[in-house]
Amino acid sequence: MQNQNRDNFTPNTKRIMAERVGWRCSFPGCNISTVGPDSDDPTKRINNGIAAHIYAAAPNGPRFNPEMTRDERRHITNGIWMCRNHGSLIDVDYTEYSAATLIKWKEQAERNAAEILKEPALEGNLKGSSLIQIGSKNILYARWKSIHQKKWDFEIVKSEIGNSCTISEYVLSFSSLPESEQYVVSESQGDARKIKDIELTINSENKNILTISVEDKITPTDPRKSGTDMAIGPDGDIFVENGSFAHVSGIENAKQMISICMSTLKGEIESEKDLGSLATEYYNRNSDDLILFSRLIKLELIRLSLIPIERNFNKELRPSLPFIKRFLEVSIVSKELIHSRIQASVKLEWGHGEQWEGLIPIFVLTKT
Ligand SMILES: [Zn+2]
């Protein structure tokens, strides 16, 4: 028997796992319902969902953790409810979907279900949608439909920045756009890719669907090998200690690189117009809504870490923050500036998937 060594969930555990997320897939942006009537039998229901293991049920399975006991492996806390497509996706590409990521998604899916329970009208509205960005001028709420690594499908819900005309324009003129505009960022996946091809269609339910072929993901580098630089002090100036310049290296340098990268205004450096972030632009336009502002900053962090840009000095295409794997959470609790900088509380995965969390100061130029 092949299944003897698997620490499977009991039927009761599976049912409760599904019920805790309202029988909806927990993959961010999917939200598909996994249960409904069996059309052939009025006494039965169809269940299209699966209770996926966060840490595998058997050795050699995805994310297997030998330290766990059998009871821990089949405990409800080790499962995440998914539709069939996403359940197999997280297992096929398990290096991309770490246990830490799945635990975050499970928590988010349970929070969404709790909100819908309190306020059923949220259902079907913007719920289950997340922000995606195509180029620098279009940010939209969309539902993630993809089940393929290299083809991303989104149902467009509404625009946050830009509108339906700017989206069509983007798609029509895509091949002639500068390379620095040919990218897509997905907030819920914490992922961003260079676009190979993009298409806008209308499906049978009259919904606008964006289909995007994306390039491969770049493997993150080790943040401990990020090099050495002069240390920046809390006031944003070069830090002097006992009369000489202080230095940062390794992890400390990696953290400082995130801060510097986000603090550079896009276009500020004359010779490298593609470099830098839109943090200042978002601060001046969106910081009265701290939730939206945090989400936009997250998009920007994802873009800078995953989208390769051409650098003048060696023409090699590489992202500005090559050691980042994904940003899990970004929150900015106050628009108050300290030394002209906002404080972003960040949770991320870098290198081989190690987690780090802490504050990243981001300089912004305020409108005067
Ligand atoms: Zn799904």
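Just need a number here: residues in the range 44-69 that are among the β-branched types (Val, Ile, Thr) and touching a residue at least 12 places away in the same chain (Cβ under 8 Å). Explain how you work it out, then say what you get.
As a first pass, look at the range 44-69 and keep what is among the β-branched types (Val, Ile, Thr): 46, 50, 54, 69.
The next check asks that each one be touching a residue at least 12 places away in the same chain (Cβ under 8 Å); those that pass are 50, 54.
Number satisfying all stated conditions: 2.
A quick yes/no check of all residues on (1) assigned to a loop (DSSP other than H, G, I, E, B); (2) surrounded by 14 or more Cβ atoms within 10 Å (Cβ to Cβ):
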| position | (1), (2) |
| --- | --- |
| Arg143 | no, yes |
| Ile156 | no, yes |
| Cys165 | no, no |
| Glu169 | no, yes |
| Phe174 | no, yes |
| Val185 | no, yes |
| Ser188 | yes, yes |
| Glu199 | no, no |
| Thr221 | yes, yes |
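Out of Glu107, Glu19, Glu115, report the one residue that is touching a helix residue (DSSP H, G or I) at 6+ places or on another chain (Cβ under 8 Å), free of Cβ contacts under 8 Å to residues at least 24 places away in the same chain and either within 30 Å of Glu354 (Cα to Cα) or away from the ligand (no atom under 16 Å from the Cβ) (or both). Steps first, answer last, please.
Working: Glu107 fails: touching a helix residue (DSSP H, G or I) at 6+ places or on another chain (Cβ under 8 Å); Glu19 fails: touching a helix residue (DSSP H, G or I) at 6+ places or on another chain (Cβ under 8 Å).
That would be Glu115, the only listed residue that is touching a helix residue (DSSP H, G or I) at 6+ places or on another chain (Cβ under 8 Å), free of Cβ contacts under 8 Å to residues at least 24 places away in the same chain and either within 30 Å of Glu354 (Cα to Cα) or away from the ligand (no atom under 16 Å from the Cβ) (or both).
For the range 67-106, give me each residue that is aliphatic (A, V, I, L, M), under 15 Å from Gln189 (Cβ atoms) and assigned to a helix (DSSP H, G or I).
Leu89, Ile90, Ala100, Leu102
Name the strands (runs of 3 or more DSSP E) wholly inside the range 1-53 in which the number of residues that are modelled with pLDDT of 90 or more, under 27 Å from the mean Cα position of the chain (by Cα) and surrounded by 11 or more Cβ atoms within 10 Å (Cβ to Cβ) is 3 or more. So that I can check it myself, show each step before the final result.
Working: elements: 35-37, 45-47, 49-53.
Filter on the range 1-53 gives 49-53.
Go through the residues of the range 248-266 one by one and say whether even a single one is polar (S, T, N, Q), surrounded by fewer than 21 Cβ atoms within 10 Å (Cβ to Cβ), out of contact with any Asp or Glu (no Cβ under 7 Å at 6 or more places or on another chain) and assigned to a strand (DSSP E or B).
yes
Taking only the range 267-297 into account, find how many residues are β-branched (Val, Ile, Thr) and not in a helix (DSSP H, G or I). Give the steps one after another, and end with the answer.
Our first condition is that a residue be β-branched (Val, Ile, Thr); within the range 267-297, this holds for 269, 280, 291, 297.
If we keep only those that are not in a helix (DSSP H, G or I) too, we end up with 269.
Adding up the residues that qualify gives 1.
Within the range 92-104, can you find the residues that are surrounded by fewer than 17 Cβ atoms within 10 Å (Cβ to Cβ) and either modelled with pLDDT under 85 or within 15 Å of the ligand (Cβ to nearest atom) (or both)?
If the condition is that a residue be surrounded by fewer than 17 Cβ atoms within 10 Å (Cβ to Cβ) and either modelled with pLDDT under 85 or within 15 Å of the ligand (Cβ to nearest atom) (or both), then Val92, Asp93, Tyr94, Thr95, Glu96 are the ones that fit.
Which of the residues that make up the range 249-279 are within 17 Å of Leu301 (Cα to Cα) and of a type in the set (Gly, Ala, Ser)?
If the condition is that a residue be within 17 Å of Leu301 (Cα to Cα) and of a type in the set (Gly, Ala, Ser), then Ala254, Ser259, Ser263, Gly267, Gly276, Ser277, Ala279 are the ones that fit.
The values are calculated or read from the model by the stated rules, or taken from the named source; none is laboratory data. All values derive from a computational prediction rather than experimental measurement. Please note: Cβ atoms are built from the backbone with ideal geometry, for glycine as well, and neighbour counts cover all protein chains shown.
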